[in-house]
Amino acid sequence: MNCLCSCGEMDKAVGLLGLMLGRGFLPHYAASNNLLIGLCDAGHVADATVALYGLADVGFIPEASCWERLIETLCRERKQRRSIELLDVLIVEE
């Protein structure tokens, strides 16, 4: 997954994540964080949000930097309401 992200193949990386989760495998912690940050950096904020929730559903707890990057990207895209919703999720889950 890291290699796909490094090569800019974000769609393939997301597909690999879906395949892994569908088969009951969790990707390495660092690879998951890199994927989430890479998706945000590539402007794929919707994919990053879906991936984040998909990973969270199977018990993955992303680093704070992932949440920060996602919220920052949402704000940059002028999606403040969505960023506030994510902050609310973080506060409730704490």
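Which loop-located trypsin sites (Lys or Arg not before Pro) does region 2-94 contain, where loop means any DSSP state but H, G, I, E or B and the Cβ has at most 10 other Cβ atoms within 10 Å? Here the trypsin sites (Lys or Arg not before Pro) that fit, given the DSSP loop and packing criteria, are R23, R78.
If we count other beta carbons within 10 Å of each Cβ, what is the order of S65, S32, fewest first?
Details: S65 12, S32 22.
Fewest-to-most Cβ neighbours within 10 Å comes out as S65, S32.
Treat every Asp and Glu Cβ in the chain as -1 and every Lys and Arg Cβ as +1, leave all other atoms uncharged, and give the resulting dipole magnitude about the Cα centre to the nearest 20 debye.
Details: 8 positive and 13 negative charges, 48 e Å.
Approximately 220 debye in magnitude.
How far is helix 45-57 tilted off the main Cα axis of the chain, in degrees rounded to 10, range 0 to 90? Between the helix axis and the principal axis of the chain, the angle is about 80 degrees.
Would you mind checking the tilt of helix 10-22 against the longest principal axis of the Cα atoms of the chain, expressed as 0 to 90 degrees and rounded to 10? Approximately 80 degrees, to the nearest 10. Based on alpha carbons, the Rg and Dmax found for the chain are 12.6, 36 Å.
Determine the calculated [θ] at 222 nm for the chain from helices alone, applying -39500 (n - 2.57) to every DSSP H run no shorter than 4 residues and normalising by the residue count; nearest 500 deg cm²/dmol. Walk me through the numbers on the way to the answer.
Working: 6 runs with 71 residues, N = 94.
After summing the helix terms and dividing by residue count, I get -23500 deg cm²/dmol.
Computed from Cα atoms, the angle from the helix 64-76 axis to the main principal axis of the chain rounds to 60 degrees.
A short reminder: the numbers here are calculations on the coordinates, not readings from a lab. Predicted model, so just to flag it, every value in this text is computed and none were measured. Note that each Cβ is placed from the backbone with ideal geometry, even for glycine, and that neighbours are counted across all protein chains shown.
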